[in-house]
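Enquirer: Right, I'll just put the structure down here and ask away after.
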Amino acid sequence: MTLETCRQNIDKLDLQILELLNERAQWVEKIGELKQLQNRPILDENREQHIMQELYDHNKGPLTDEAIANIFRIIIQEGRRLQAAPRTN
């Protein structure tokens, strides 16, 4: 396998990750709408702890749990930001 082949594979994975992040963001926005209708707070610490624990339980590496936590903290933070954004319907 060549360096170029490895990089091409990473490029494909990056596009898949991007697609999945945007799909996740769409679901997060729907959840934000439901929370707004139900007068529920955006921040749900129990849910966020559950998400992180599930990720740790399924992490087979080579990324450490700390690395996973760093990545998903940003993903979750951006989800909260999307939920807090004013709705334009």
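Enquirer: How do 37-49, 68-80, 17-29 rank on mean C-beta neighbours within 10 Å, highest first?
Expert: 68-80, 17-29, 37-49
Enquirer: If I fit a long axis through the Cα atoms of helix 45-58 and take the longest principal axis of the Cα atoms of the chain, what angle between them do I get, 0 to 90°, rounded to 10?
Expert: 20
Enquirer: Using only Cα atoms, what is the ratio of the radius of gyration of the chain to 2.2 N^0.38 Å?
Expert: Expressed relative to 2.2 N^0.38 Å, the Cα Rg reads 1.34.
Enquirer: Would you list, by chain and number, the lysines whose Cα falls below 26 Å from the Cα of Lys60, excluding same-chain residues fewer than 8 positions away?
Expert: Within the straight-line cut-off, Lys60 pairs with Lys12.
Readers should treat all values here as calculations from the given coordinates under stated rules, not as data from a laboratory. Because the structure is a prediction, the values reported are computed rather than measured. Here Cβ is always computed from backbone atoms with ideal geometry, including for glycine, and neighbour counts include all displayed protein chains.
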